[in-house]
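Q: Mind having a look at this structure? Questions to follow.
The values are calculated or read from the model by the stated rules, or taken from the named source; none is laboratory data. As the structure is a prediction and not an experimental result, all values here were calculated from the model. All Cβ positions, glycine included, derive from the backbone under ideal geometry; neighbour counts span all protein chains shown.
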Amino acid sequence: MSPGEVLAAGSSAASATETTAFWILAVLAVVAALGMIIARRAVHCAVLLAVVMLSLAVLYALQDAPFLAFVQVIVYTGAVLMLFLFVLMIVGVSSADSLVETIRGQRLAAGLVGIGLLVLLSLVIGHAALASDTAASASFGASNLNGLATLIFTRYVFPFEATSALLITAALGAMVLAHRERTSPKPTQRSLSKARMTSARPTPLPGPGTYARHNAVDMPALLPDGSPASLSVSPIIAARRAELSEGDTDLGQRDMRLAQGDTQFGPDDTGPDQGGTGPGEDGPTDAVPSSTGREDSRS
Amino acid sequence: MSTGHFVALAVILFVIGAVGVLVRRNAMVVFMCVELMLNAVNLAFVAFARMHGTLDGQVIAFFVMVVAAAEVVVGLAILMSIFRTRQSASVDDPNLLKY
């Protein structure tokens, strides 16, 4: 990131460096942009867009625009893409694009439109008289920031003020659009406690991994009879595990393995559990979840 | 490195973004493709600014960035409110005005 040094290093070496960097970055940007169209998951698209934006930032630095390069990294890659990722996490990461065409022949038509646009723009550029290379003026390179500031605050001062109004309006619009009115009164601690006491389960849910072979969060607790307590695992984790293992067969095998492990270490595991339920020395946290979990696994 | 190379790269990226807007169904990805098109135009602005030896192109690219940021903020807020009511981020689902 040194356009000033590049300029000072002599024209031939600078142009060779620039050519090499341009071809590497151009290929990288085009490949990442194509991947952004092709990738089915939206998160992959966001990461590939970050690659495109970072390579464009380096291209700006190559073209004697260091300020724009930094703004590209900070504002685009840092702020805009992070906003994209935040909204992506809210809207749903797993929402892959459907491959069904709702309009028949839409992809073909879009490809034809793209090719036509490419031909049209290439013809326009081919007919334009573009200067091959120009000597950099004094406002490029090291004094780029001063030149930009002079332009923004003299000739472009009214568009700049309009931009500030636009940003304030956009912030207000985002707040209005994303705001949600509360339709029910906010639950207080008293109402929450009442609802909990009048519900079927006033106690906390059983913790995962109790008396099982591991104490990971996705390992169901074992009941005194060796059967897994399904309530001890969060339903989100259970659904995720079922999705990963593609159905109930693997889950059933794992439960069977769990039961075998329990029979192997039977005296170690079931002993304290039954003892805990008897005199209640280990507190109600073990006894109550086990009994309720057993009811749940029976039902 | 001539200006033509940079403008050709900008054209290619712009066309890829346009095809992405036409093809993709997920509204988030459509937004990302719009961002790609804006970035391509910025690259062309910077290339032309260098060709002319003035800084006006860079200032306009700066304004394009600001407008793109505002557009993303409002667009993502609209997307979130649509997702809240329809539980979907696909551009095919909000079809209540059809027929």
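Q: Taking into account only those residues within the range B:68-99 that are within 7 Å of chain A (Cβ to nearest Cβ) and of a type in the set (Val, Ile, Thr), which is farthest from residue A:161 (Cα to Cα)?
A: Residue satisfying both the conditions and the ranking: B:78.
Q: Collect the residues in the range B:51-82 that are outside any helix (DSSP H, G or I) and surrounded by fewer than 19 Cβ atoms within 10 Å (Cβ to Cβ), keeping them in residue-number order. Give the derivation first.
A: Start the filter on the range B:51-82 by keeping residues that are outside any helix (DSSP H, G or I), which leaves B:53-55.
If the condition is that a residue be outside any helix (DSSP H, G or I) and surrounded by fewer than 19 Cβ atoms within 10 Å (Cβ to Cβ), then B:53, B:54 are the ones that fit.
Q: What pairs come up if the first residue lies in the range A:156-172 and is under 14 Å from residue B:74 (Cβ atoms), the second is assigned to a helix (DSSP H, G or I), and their beta carbons are under 6 Å apart, counting only those six or more places apart or on different chains?
A: Once the first residue is under 14 Å from residue B:74 (Cβ atoms) and sits in the range A:156-172, its partners that are assigned to a helix (DSSP H, G or I) give A:166/B:70; A:167/B:70; A:170/B:70; A:170/B:73; A:170/B:74.
Q: Still on this structure: For the range A:109-157, give me each residue that is exposed (fewer than 11 other Cβ atoms within 10 Å of the Cβ) and modelled with pLDDT of 90 or more.
A: Of everything in the range A:109-157, those that are exposed (fewer than 11 other Cβ atoms within 10 Å of the Cβ) and modelled with pLDDT of 90 or more turn out to be A:123, A:153, A:154.
Q: Let me ask you something else. Could you go through the range B:23-41 and let me know if any residue there is within 28 Å of residue A:127 (Cβ to Cβ) and over 12 Å from the mean Cα position of the chain (by Cα).
A: No, because not a single residue in the range B:23-41 is within 28 Å of residue A:127 (Cβ to Cβ) and over 12 Å from the mean Cα position of the chain (by Cα).
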